[in-house]
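Chemist: Please read through the structure below; I'll follow up with questions.
Throughout, read-outs are computed from the coordinates displayed, never taken from laboratory work. Small disclaimer: the values here were computed from a predicted structure and weren't measured. FYI the Cβ positions are ideal-geometry reconstructions off the backbone, even for glycines, and counts take in every protein chain you see.
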Amino acid sequence: MHLPNASLRTIQKQNLDRKPAFLRLVSPCNENKSKISLSDSHNNNSSPKLPFLSSNHEERMVEICFSSSHLNQEQIERLTQLSHVTHPDNAALKKFSGNIGYIKNNVGRFINYDPQIGGIVRVIEGDVSRIIIASINDKGIEISKKDCYLNLDVFLSLAEFAHQSVDIPDEWLGMALSIYFFHEVNHASQGIARHEDVKAVKSINEAYGRKIITALDLRSDYLAAHTMAILSTLRCGAFSRPLYKENFYKIWCHVCRGTLQAFPSKHRLRKGDIQRILGYLLMSHLIKDSSHKNSPLFIEGELLPDWCRDMTRINISMNQRPWISGLEVDPRNMQQAINSIRKGEYDQAEEEVGSILRCLPLTAT
Ligand SMILES: [Zn+2]
């Protein structure tokens, strides 16, 4: 199978002026295929130099490229609009690439700090030599012979959100891409990287299967942000707990919040979706509270809430263990928080989450 020339021609025809000449296009799932890049008006050297290898950077980088295979018209148009982001010199892609390279170079330091992130770190160390952003349908990630395919639609949503939002800082996209990558890599370590794996989990008892997937998703959300916070801290030298806390706060409450907003739900949310977002907001509230009061951060894992049908009692697990069990809450607060989540009004929902938490006897673990 060859790289679909039709797609390539379409791209070239459409983007003669705006197409990033440096955009590297490769065909997925075939290591023997020769790499194809569009003519390079910025650099007449036609040798197939990889844009993200380490040669001219201080730290090791992992190659990141884009695939032209199986793109639909909409994806081509959206990609064209983002030509500044797909440029190899783009700061966000460099940051993303550098983050993955940094982990590959410092596996021991990461695992020493917290073995919980071993799943993410080991997959990156052993299975990721190159990241190809490609059209892979509804999969988050696909690892094939050390090539790691990452979902183009997710990339487009994050990059467009960064591009369109005035209050998003420059470093957001590089961090958001890294966190998304860690989340998906953690799914690989959990054994649910493939769509078939998720389907298999739901195949016997769909409701129970969905609960498991919700728990694994929130777990991956936490471990992805945790990995990013450790990485940001280690980059500054010896590990410092106060700096980690500051980094985790920034990543969870700002970077991850943006990520949540970048994917507005097109469908009515299921209970598992609401549990995941409510869990995220419970953590955001507690982390902010801890930061403002300068009190110790006592969250050592993801918070997964569940509630009874009439919403009068709540369970919250932390790091997969019971933390709050069967405690009474005001069902009006619960309903308001859930309504706000359904509308995508997360600031409002977080305030309502604060009202729920004020009813609970929280203690540091
Ligand atoms: Zn997931």
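Chemist: What's the extension gain from CYS359 to ILE212 if we count 0.36 nm per residue and subtract their Cα-Cα distance?
Modeler: Net length gain for the segment: 50.1 nm.
Chemist: Checking the cross-link filter: which aspartates and glutamates have an alpha carbon closer than 15 Å to that of LYS199, excluding same-chain neighbours under 8 positions apart?
Modeler: Leaving aside aspartates and glutamates fewer than 8 places away in the same chain, those within reach of LYS199 are ASP138, ASP217.
Chemist: Please give the charge dipole size of the stretch 209-350, origin at the Cα centre, charges +1 on K and R Cβ atoms and -1 on D and E Cβ atoms. Round to the nearest 20 debye.
Modeler: With Lys and Arg at +1 and Asp and Glu at -1, about 320 debye.
Chemist: Using a 10 Å cut-off around each Cβ, can you sort SER340, SER165 from fewest to most neighbouring Cβ atoms?
Modeler: Placing the least packed residue first, the sequence is SER165, SER340.
Chemist: Among ILE120, ASN105, ILE76, whose Cα lies farthest out toward the positive end of the dipole of the stretch 63-137, if unit charges sit on the beta carbon of Lys, Arg (+1) and Asp, Glu (-1)?
Modeler: Projecting each Cα onto the dipole axis, the largest value belongs to ASN105.
Chemist: What is the fewest-to-most order of MET318, MET311, MET228 by other Cβ atoms lying within 10 Å of their Cβ?
Modeler: The fewest-first ordering by Cβ neighbours comes to MET311, MET318, MET228.
Chemist: Still on this structure, please answer the following. Expected output is a single nm value to one decimal: the length gained when fully extending between CYS236 and ASP170, i.e. 0.36 nm times separation in residues minus the C-alpha distance. What is it?
Modeler: Gain on extension, CYS236 to ASP170, equals 21.8 nm.
Chemist: Still on this structure, please answer the following. Given the Cα atoms of the stretch 273-365, and with Rh set as the inverse mean 1/r over their pairs in the Kirkwood sense, what is Rg to Rh to two decimals?
Modeler: Ratio of gyration radius to Kirkwood radius for the stretch 273-365: 0.93.
Chemist: With charges set only on the Cβ (+1 for Lys and Arg, -1 for Asp and Glu), what does the dipole of the stretch 273-365 come to about its Cα centre, in debye to the nearest 20?
Modeler: 100
Chemist: Would you please put 190-198, 134-142, 233-241 in order of how densely packed they are, using the mean number of other Cβ atoms within 10 angstrom per residue and starting with the highest?
Modeler: Averaged packing, sorted descending, gives the order 134-142, 190-198, 233-241.
Chemist: Another question, then. Give a residue-ordered list of calculated ³J(HN,Hα) values for the stretch 146-151 (Karplus: 6.51 cos²θ - 1.76 cosθ + 1.60, θ = phi - 60°; whole Hz; x for Gly, Pro).
Modeler: 6, 8, 10, 8, 10, 5
Chemist: Something else about it: So who's got an amide H within less than 5 Å of the one on TRP323, skipping anything under 5 residues away but keeping other chains? H placed 1.01 Å off N, in plane.
Modeler: ILE316, SER317, MET318
Chemist: Ordered by residue, what ³J(HN,Hα) values in Hz, to whole numbers, does the stretch 101-108 give under the Karplus form 6.51 cos²θ - 1.76 cosθ + 1.60, where θ = phi - 60° and Gly and Pro are x?
Modeler: With the stated coefficients, the stretch 101-108 comes to x, 4, 5, 4, 7, 9, 3, x Hz.
Chemist: Next question, about the same structure. I need the phi-derived Karplus couplings for the stretch 314-324: 6.51 cos²θ - 1.76 cosθ + 1.60, θ = phi - 60°, integer Hz, Gly and Pro marked x.
Modeler: Once θ is set to phi - 60°, the couplings for the stretch 314-324 become 10, 10, 9, 9, 10, 6, 6, 10, x, 10, 10 Hz.
Chemist: Moving on. Amide H neighbours of TYR149 under 5 Å, counting only residues 5+ apart in sequence or on other chains, H built in-plane at 1.01 Å?
Modeler: ILE132, GLU142, ILE143, SER144
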